[in-house]
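Shown next, in structure tokens, is the structure this report addresses.
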Amino acid sequence: MQYIVMYDISEDKQRNKALEICRYFGMERIQYSVYGGRLEKKARKEIEKELKMIEIGSEDSIGIVTICNNCLIKSTTIGKKKTWEKKTITII
């Protein structure tokens with residue numbers, strides 16, 4: 001399944017931690033604070049667990065959005081197309 005992780009975190013340290021977690025799970029940067037990638041079910045649970053461990057401020061947020069294959073096919077990219085939808089991450 002495809003996922004988008006997006007975050008709005010004011011503190012650099014916490015924001016960089018979110019970035020590191022997304023990269024660790026093989027997600028590709030789509031926009032400054034938006035990452036996309038294909039994750040197996042176990043990896044999806046793990047990334048959520050890791051992101052929840054970040055201590056964020058009361059005005060900050062982290063979102064994980066599921067993108068079904070049918071929705072991905074219907075999506076449009078204007079500008080440079082990203083390759084994140086082709087990668088699959090499996091956690092063993």
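The values are calculated or read from the model by the stated rules, or taken from the named source; none is laboratory data. Bear in mind the structure is a predicted one, so any value in this text is a computation, not a measurement. Positions of Cβ are backbone-derived with ideal geometry, glycine not excepted, and every protein chain shown enters the neighbour counts.
Quick notes on this structure:
- Within the option set GLU48, GLU55, being in a helix (DSSP H, G or I), over 9 Å from the mean Cα position of the chain (by Cα) and of a type outside the set (Lys, Arg) holds for one residue only, GLU48.
- Applying a threshold of 9 Å to beta carbon distances and a minimum spacing of six or more residues, or different chains, the list of pairs starting in the range 11-24 at a residue that is touching a residue at least 40 places away in the same chain (Cβ under 8 Å) and ending at one that is among the charged types (D, E, K, R) and not in a helix (DSSP H, G or I) reads GLU11/GLU55; GLU11/ASP60; GLN14/GLU55; GLN14/ASP60.
- Of all residues assigned to the range 55-75, none qualifies as being buried (at least 16 other Cβ atoms within 10 Å of the Cβ), modelled with pLDDT under 95 and charged (D, E, K, R).
- Selection of the range 25-44 for residues being of a type in the set (D, E, K, R) and within 13 Å of VAL65 (Cα to Cα) yields ARG38, ARG44.
- The range 20-54 - residue that is in contact with a Ser or Thr (Cβ under 8 Å, 6 or more places away or on another chain) and over 12 Å from MET6 (Cα atoms) and, of those, surrounded by the fewest Cβ atoms within 10 Å (Cβ to Cβ): LYS42
- Qualifying positions in the range 21-58 - over 25 Å from LEU72 (Cβ atoms) and out of contact with any strand residue (DSSP E or B) (no Cβ under 9 Å at 6 or more places or on another chain): MET53, GLU55, GLY57, SER58
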